Amino acid sequence: MESSIYWCHNCNIPITSNICDLCRSKGEKCSPDLKPVFLPEFRFIVGQLPKKNVSSRKLPINFFRYRNRIIANGKILLNFKINANGIELCSKENLTDIPFDENLIEKIIRANKKMLQRKELQAIRFIKKTARLHRDKKILVSFSGGKDSTVTSYLVNKALRNVTLIFSNTGIEFPETVKFVRNFAKRMNFELIELRPPRDFFDLCEELGPPSRMMRWCCFTQKSAPINEYYATLDKSVLSFDGIRKVESKSRAKFERIRKNTKIIKQYSAYPIFDWTDFEVWLYVLWRDIPINPLYFYGFSRIGCWVCPNNGKFDDFLIRR
C-alpha cells in the first residue's frame with residue numbers, strides 16, 4: 001500500500017497519520033512522501049530568500065520537497081524542472097506570505113513522536129533478534145555515508161553497541177562523503193573498515209566503456225569485489241545491517257527483510273528500516289540529532305558515486321554546480 005503524508009492545517013505541520021496527535025484534528029492528504037528543504041537547497045531552486053526570512057537554521061521556514069514539487073502549508077508552492085539552462089520554475093507564489101515558525105521542527109517531532117518511538121523500538125527489537133539468530137557471524141553495518149546507512153548504524157549501536165562500519169571507498173565518492181564517513185565513525189566511536197578497489201575506475205572505463213543503467217559493472221568492480229576480497233580473509237560469514245528501504249525501487253520492494261546477499265559471498269543482509277519512508281528517516285534524524293552528510297543540505301536526495309548512471313537530472317545539476 002502506498003504511503004501518504006498528511007497535513008494538519010490547524011498546526012500547519014506534516015504528519016504521518018490522518019489524525020494529528022497535537023490537536024486531534026483531521027489531516028488532509030498532502031504527498032506520498034516528503035523531505036525537508038535545507039537553506040542552501042532552497043537558494044539553488046528559488047534564489048535568495050528575503051532578508052527578513054533568512055535564518056542561520058538549517059531548515060528555512062516550513063518548506064518540504066517531493067521530487068520536483070516544493071510544498072508549504074500543505075500545498076504545492078511551486079514546481080521546477082531541469083533543462084539545459086539550469087532550473088526552470090514552472091509556477092511561483094509570493095514567498096513572503098509563508099509564515100516563519102521558530103518552533104516548526106519541535107512541533108513536527110512532537111506531533112509524530114509516537115510513530116518515531118514505535119519505529120525505533122521495532123527496529124531495535126529486529127536488530128537484537130536478528131543478531132541472536134546469527135550469533136555465529138561477524139556483525140557489520142554496510143556504510144555508504146548516506147542518511148539511511150547513518151540511521152541504521154545509529155540504531156544498531158543503540159541495540160548492540162561496539163559497532164563496526166564497512167565502507168567501500170570506490171575512488172569516485174564525493175570528497176565530502178569520504179570526510180563525513182571518517183568523521184562520523186570517529187565521533188560515534190565506531191570501528192571503521194575502509195576498503196579500496198584494486199583498479200582505478202577511469203582506467204576500467206578505458207577498457208570497458210563507461211557504465212550505464214543497464215550495465216553497471218562499476219558496482220561489482222568498485223564496491224562488491226573489495227568487500228568479497230575482505231570477507232575471504234575472515235573465518236566466518238557476515239551479518240550486515242544495511243539501510244536499504246523498500247520505497248527506493250520496485251526491485252527492492254520485493255526483498256526479504258533478511259536475505260542471503262546474491263552479490264557478496266558470505267554475507268547475509270538485514271534491513272532494520274526497510275519499511276521506513278523518506279519522511280520518517282528525516283524526522284528520526286532531526287529527533288535524535290544525528291549527524292548527516294553535508295551534501296544533503298544542497299538538495300541531494302541520494303548519496304553515492306558522483307558518476308553514478310542512476311543519478312537523476314537534479315543530482316546532475318547539483319554536481320555541475
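The values are calculated or read from the model by the stated rules, or taken from the named source; none is laboratory data. Every value quoted in this text rests on a predicted model; they were computed, and no experiment measured them. Here Cβ is always computed from backbone atoms with ideal geometry, including for glycine, and neighbour counts include all displayed protein chains. In case anyone asks, the SASA skips ligands and DNA or RNA and just uses the protein heavy atoms, side chains included. Shrake-Rupley method; radii C 1.70, N 1.55, O 1.52, S 1.80 Å.
A few notes on this one:
- Evaluated with a Cβ-only charge set (Lys, Arg +1; Asp, Glu -1), the chain carries a dipole of roughly 960 debye about its Cα centre, given to the nearest 20.
- Rounded percent of accessible protein surface that carbon and sulfur make up, the range 93-238, 1.4 Å probe: 48 percent
- Thr16 accessible area, 1.4 Å probe, all protein chains in place, Å² to nearest 10: 40 Å²
- With respect to the chain, whose longest principal axis is taken over its alpha-carbon atoms, helix 147-160 is tilted by about 70°.
- GNM result for the chain, Cα springs below 10 Å: residue of Ile13, Ile70, Ile87 fluctuating most strongly: Ile87
- A probe of 1.4 angstrom, applied to the heavy atoms of all protein chains, finds Arg110 with accessible area near 120 square angstrom.
- Computed with every protein chain present, the accessible area of Leu295 is close to 10 Å² [probe 1.4 Å].
- Across the chain the C-alpha pair distances fall into 10 Å bins from zero in the proportions 5, 24, 33, 24, 11, 2, 0 percent.
- Most fluctuating residue given options Glu191, Glu207, Glu176, as computed from a GNM of the chain linking Cα atoms under 10 Å: Glu207
- Interchain or long-range residues, amide H under 5 Å from Ser168's placed H: Phe143, Leu195
- Radius 14 Å from Cβ of Lys186, net charge of other residues (Lys, Arg +1; Asp, Glu -1): +1
- Largest-first ordering by accessible area, 1.4 Å probe, given options Tyr154, Tyr231: Tyr154, Tyr231
- The residues of the chain have, on average, 51 Å² of accessible surface per residue, using a 1.4 Å probe with all protein chains present.
- Take the Cβ atoms of Arg118 and Asn261, set R0 to 22 Å, and the FRET efficiency comes out at 0.20.
- When +1 charges are put on Lys and Arg Cβ atoms and -1 charges on Asp and Glu Cβ atoms, the dipole computed for the range 181-321 relative to its Cα centre reaches about 340 debye.
- Most positive-pole-ward Cα, Val178, Trp217, Cys20, against dipole of the chain from beta carbon charges: Cys20
- DSSP-defined antiparallel bridges as percent of all bridges, the chain, nearest 5: 60 percent
- Shown are Arg259, Arg118, whose ranking by accessible area with a 1.4 Å probe and every protein chain present, most to least, is Arg118, Arg259.
- With a Förster radius of 51 Å applied to the beta-carbon distance between Trp217 and Lys29, the computed FRET efficiency rounds to 0.75.
- Shown are Lys81, Lys137, Lys266, whose ranking by accessible area with a 1.4 Å probe and every protein chain present, most to least, is Lys81, Lys266, Lys137.
- Using the alpha-carbon positions of the range 156-239, Rg (one decimal) and Dmax (whole number) come out as 15.0, 45 Å.
- Between Leu234 and Cys90, the simple label model (points 7 Å from Cα in the Cβ direction) yields a spacing of 4.6 nm.
- Comparing Gln122, Gln267, Gln222 in a Gaussian network model of the chain where C-alpha atoms under 10 Å apart are linked, the largest mean-square fluctuation is found at Gln122.
- Counting protein heavy atoms only, the range 270-320 has 50 percent of its accessible area on carbon and sulfur, 1.4 angstrom probe.
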